[in-house]
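Asker: Below is a structure I'd like to ask you about.
Just so it is clear, none of the values below were taken in a lab; they were calculated from the coordinates. Note that the coordinates shown come from a computational prediction; the quantities given were computed from them, not determined experimentally. Please note: Cβ atoms are built from the backbone with ideal geometry, for glycine as well, and neighbour counts cover all protein chains shown.
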Amino acid sequence: MSSSPPANLQEALAQIQRMDAAGARIQNELAQAQQQIAAAAAAAAPAAPVAQVISHRAKIPSPTPFSGKIGTSIVDFLEQVENQFTYYAAEFPINNPANMIQFALSWVSAEVLRWYRLLVASTPINSWAEFKAVMRLQYQPIDSSHKARVNLDSAKQGGGVQAYTEYVQKQMSFISNMSDEEQVHDYIRGLKENIALEVAKGDPKTLIECIAIAVRTEAYSVKSRYHAPQSSSGGAYRPQQQRGTPMDINNVNVNDEFSDSMNSSPSARSSRESHLLAVIQQQQENQVHMQQQLNALFNKSQDQRSNNSSSSSTSAPASSKVPGLSLEMFNKCREEDRCFKCKETGHIARGCSKPIRLKW
């Protein structure tokens with residue numbers, strides 16, 4: 001049985017060619033569509049972020065956690081938090097008070113945080129100033145301002161300027177409505193008399209100016225506990241050195257004596273020169289006295305050694321080991337080569353078994 005394969009084969013080949021052409025066309029259209037999608041996505045995507053150079057700054061101490069209990073200061077806590085805001089200004093912009101308040105609340109105890117959440121549930125807090133006001137109202141005693149003013153009224157400088165300044169600034173931190181004039185007045189009033197006078201002469205307008213003048217006055221004060229009081233004649237007074245006690249010449253400030261004498265009147269200069277000569281003469285006398293004492297001690301020790309040697313020579317040597325043997329008998333036995341015990345010849349006392357004879 002026969003068929004027409006050539007006619008069917010040609011039709012199949014033509015159909016295959018048509019299918020290949022259609023597949024190539026579809027692939028070309030698909031590639032073009034993918035390119036268009038990629039171009040559209042690239043146009044719609046935002047620009048790539050520019051790398052920022054972040055400067056690494058040294059960290060400052062963190063705020064001390066605020067517990068809200070007696071003995072903790074809300075004023076100190078708020079000042080420490082605001083110091084963080086100033087130093088890290090980029091992280092705490094002033095137009096974002098919520099960020100600032102949230103940072104402060106991260107350093108309070110659970111009791112303080114619970115109280116604040118109950119407060120804002122009924123009274124919203126919208127600024128940092130409001131936050132500070134409610135914190136002060138809740139945790140700063142009502143009479144703290146009055147007590148601080150009482151402490152300032154009785155404050156007196158007993159030691160250095162620095163300790164007094166720290167105390168005064170601590171008390172003033174509890175008074176929110178204190179003017180510059182009040183601060184200057186209260187600060188000067190408690191200073192020592194000589195320092196207060198110099199500060200008042202400077203006519204300071206602020207507390208900072210007062211502190212600067214007070215510190216400088218204390219540093220360059222002429223009055224010092226190392227300066228000796230002045231005598232009526234104008235010369236420096238020094239207590240008279242006791243006789244027999246060596247005086248350290250290093251304690252005599254010759255440079256001070258010389259400089260004072262060059263800047264004084266002829267009579268005062270003569271008095272200082274006489275005083276200095278007297279000091280030198282006293283030192284020389286003390287040295288002579290010390291040498292005499294040393295010589296006396298040396299001679300005494302020599303005499304004691306001589307007496308000890310002479311007393312030891314009056315008794316028989318311990319090597320004889322013969323009780324009651326006199327020095328005369330000991331010398332005679334040694335000269336005649338006799339035994340120290342039995343007084344016979346031919347042997348020594350160490351091996352002698354005869355009784356002791358004290359006489360011949």
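Asker: According to a simple spin-label model (label point 7 Å from Cα along Cα-to-Cβ), what is the distance in nm between LEU137 and HIS185?
Answerer: Distance between the two pseudo-spin positions: 3.0 nm.
Asker: For region 144-219, give the magnitude of the charge dipole about the Cα centre (Cβ charges: +1 Lys/Arg, -1 Asp/Glu; no others), in debye to the nearest 20.
Answerer: Details: 9 positive and 11 negative charges, 44 e Å.
The dipole magnitude comes to about 220 debye.
Asker: Which peptide among 16-28, 160-172 comes first, and what is the full order, when sorted by highest mean count of other Cβ atoms within 10 Å?
Answerer: Working: 16-28: 10.0, 160-172: 16.0.
The most tightly packed comes first, giving 160-172, 16-28.
Asker: Pull out the extension gain between ALA200 and SER122, defined as 0.36 nm times the separation in residues minus the alpha carbon to alpha carbon distance; nm, one decimal. List each step's numbers first, then the result.
Answerer: Working: separation 78, 0.36 × 78 = 28.08 nm, distance 5.12 nm.
So the chain would gain 23.0 nm between ALA200 and SER122.
Asker: Can you give the extra length, in nm with one decimal, that the chain gains between ASP76 and GLN281 once fully stretched, where that is 0.36 nm per residue apart less the Cα-Cα distance?
Answerer: On the way: separation 205, 0.36 × 205 = 73.80 nm, distance 6.37 nm.
Between ASP76 and GLN281, full extension yields 67.4 nm more.
Asker: At 7 Å along the Cα-to-beta-carbon direction for both ALA38 and TYR220, put a label point, then send me their distance in nm to one decimal.
Answerer: 7.9 nm
Asker: Taking a label point 7 Å from the Cα of GLU209 along the Cα→Cβ vector, which residues of region 165-180 have an amide N closer than 20 Å to it?
Answerer: 165, 169, 178-180
Asker: Something else: Which residues' amide hydrogens lie under 5 Å from the amide hydrogen of VAL108, considering only partners 5 or more residues apart or on another chain, with H built in the peptide plane?
Answerer: Close amide H contacts, sequence-distant or interchain: PHE66.
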